[in-house]
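Colleague: Sharing a structure here in structure tokens format.
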Amino acid sequence: MTSNALTRATLLGFLTWLPLAAAQTDPLPEPLTLEAALDTARNPTHFDMLQLDQQLLAIRAELGIEQGEYGFSIDLKGRLREVGTSDSALPEDDGGDSAASLIVSKPLYDFGLQDSRETYLALQLRALEHQKQLIIERRRLEIMERYFEVLNADNDFISENEALAIGFIRYDNALEDQELGLVAEIEVLRLQSEYELIRQQRSQAVHRQRLTRALLAETMGYPDRLPSDLEIPLIDIQRTLTDDLEAIVEQALTHSPEARLAGARARAAHAAIGIAASSNNPSLDLEFEVSSYERDSRLRDDWRASLYFEIPIYSASNSDKVDLAQARHRLALADEQQSRSQLRLEVLELWQKIQQLRLKLQGHAIEQDYRDRYLDRSRAEYELEFKSDLGDSMVLYSRSNGRRLQSLYAFELAFQRLTTLVGSEFLSHSSH
């Protein structure tokens, strides 16, 4: 086998193996579970995560650069030069004037400027880490919401599909009765009009199924992997929630990702004031130089050791720098207060929503029991060849069940959002 043939065979084998390897590490099982979908919140290929990771890398690089600026630096400086000598020059002086110098330098002290810069960058890094965690939590909630939207769309399709079947049967039976002279034409037109409307609603339900799956795939970061089958999660509506709303609010103000991010940004903005105040400080640098010269001269030094100091006397913009940093700090504090205000209101809304949805689910359970019993009666009457509204009962049962599941998914979404704000341990301990 030639080398080119071997290369093609190797490449073909690699391309054949690649899909198999991807399938083995596929993060999306079939059927897709809610847990697997939520795990994609940390998908590093999603643009939200890519942006945050690059920002973190940039801040870490800035911190490394800042620390490196105050370390030792070693430079080699040289020149190649030929000069024209005078008539009085010594015979051994051939005009070569090349030189090489090794320079070692290090900043010694800047009266707090370096510490201020490193503290600021470290706090910025911490703020970005909190922001990344916030984005992950928000992505989890968005993925959960999209997941439930798919399930709701599937339930809507079931109801509309049943309604379509019933509508077609009624319309088709009316056509047959019209041929026998048992039904007026206007009644047939009425049933046909209702059937066409149901067809439109079913078509919309099909489109919602496709759209909700596309939205879920995009949110997970796998736009080319539209999930076809979703597992219905088990949701416990018996989870208790403490009535101590004030305790929940206080926990959210200290524990939530939003609160931690706002606090970290305010601390970073405060550290920037130190940079502005120290930017006009004196500085002290050390430098050691060793040189070698081609031409001898008593005016040249073989080595030098120097201390350089700089004391700024006046800078017109220094006070403006401090004012700008202080203004940005006050803005960050205002943002933190706004975040706390939003958190207080959101906790209240979530707490009330959970209570209301729990009550609503109790009502749905009673309605579902009624629809279940009514459907059994309609089915029994149909089997006994009595006049029955079995078709309507099936549609009403499906729609009632769909409304119940919508409320159930809304309950779970609200409970998980509150859990994100205060933590699962706090909720479990405070409810006892």
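Colleague: What ³J(HN,Hα) values, in whole Hz, does the Karplus curve 6.51 cos²θ - 1.76 cosθ + 1.60 give for the stretch 126-131 when θ = phi - 60°, with x put for Gly and Pro?
Modeller: Per residue, the Karplus-derived 3J(HN,Hα) values read 5, 5, 5, 5, 5, 5 Hz.
Colleague: Name the lysines eligible as straight-distance cross-link partners of Lys77: C-alpha to C-alpha under 21 Å, and not fewer than 8 places from it in the same chain.
Modeller: The qualifying lysines are Lys106.
Colleague: What are the ³J(HN,Hα) couplings of the stretch 333-346, residue after residue, when phi is run through the Karplus curve with 6.51, -1.76, 1.60 and θ = phi - 60°? Round to Hz, x for glycine and proline.
Modeller: With coefficients 6.51, -1.76 and 1.60, one gets 5, 5, 4, 5, 5, 5, 4, 5, 5, 5, 5, 4, 5, 5 Hz.
Colleague: How large is the helix-only mean residue ellipticity at 222 nm for the chain, computed as the sum of -39500 (n - 2.57) over DSSP H runs with n ≥ 4, divided by its residue count, in deg cm²/dmol to the nearest 500?
Modeller: Helix contribution divided over all residues of the chain: -24500 deg cm²/dmol.
Colleague: So, one more: Sort the stretch 179-248 into rounded, prolate or oblate with this rule: let a ≥ b ≥ c be the square roots of the eigenvalues of the Cα gyration tensor; rounded if a/c is under 1.5, and if a/c is not under 1.5, prolate when a/b is larger than b/c, oblate otherwise.
Modeller: Oblate is the answer for the stretch 179-248, as a/c is 1.5 or above yet b/c matches or exceeds a/b.
Colleague: What are the residues whose amide H is under 5 Å from the amide H of Tyr109, where those residues sit 5 or more places off or on another chain and H is modelled from the backbone?
Modeller: Here the answer is Leu284, since their amide H atoms fall under 5 Å of that of Tyr109.
Colleague: Shifting gears a bit: Starting from the Cα of Leu331, step 7 Å along the direction of its Cβ; do the same at Leu80; then give the gap between the two resulting points in nm.
Modeller: Modelled inter-label distance: 5.4 nm.
Colleague: Once the Cα gyration tensor of the chain is found, what semi-axes does its equivalent ellipsoid get, as square roots of 5 times the eigenvalues, in whole Å, sorted largest first?
Modeller: Working through the eigenvalues yields semi-axes of 74, 33, 18 Å.
Colleague: So, one more: What's the ranking of 294-307, 316-329 by average number of surrounding C-beta atoms within 10 Å, highest first?
Modeller: In decreasing order of mean packing, 294-307, 316-329 become 316-329, 294-307.
Colleague: Sticking with this structure for a sec: Exposure proxy check: Asp97, Asp75 ranked by fewest other beta carbons within 10 Å?
Modeller: By the 10 Å Cβ count, ascending: Asp75, Asp97.
Colleague: Continuing with this model, one more query. Ordered by residue, what ³J(HN,Hα) values in Hz, to whole numbers, does the stretch 142-158 give under the Karplus form 6.51 cos²θ - 1.76 cosθ + 1.60, where θ = phi - 60° and Gly and Pro are x?
Modeller: My calculation for the stretch 142-158 gives 5, 5, 4, 4, 5, 4, 5, 5, 5, 4, 5, 5, 5, 5, 4, 5, 4 Hz in order.
Colleague: Oh, and also: Percent of Cα-Cα pairs more than 23 Å apart in the stretch 294-432, please.
Modeller: In whole percent, the share of Cα-Cα pairs in the stretch 294-432 beyond 23 Å is 69.
Laboratory data are not the source of any read-out in this text; all were calculated from the coordinates shown. Keep in mind it's a predicted model, so treat the numbers as computed, not measured. As a convention, Cβ positions derive from the backbone with ideal geometry for all residues, glycine included, and neighbour counts pool all protein chains shown.
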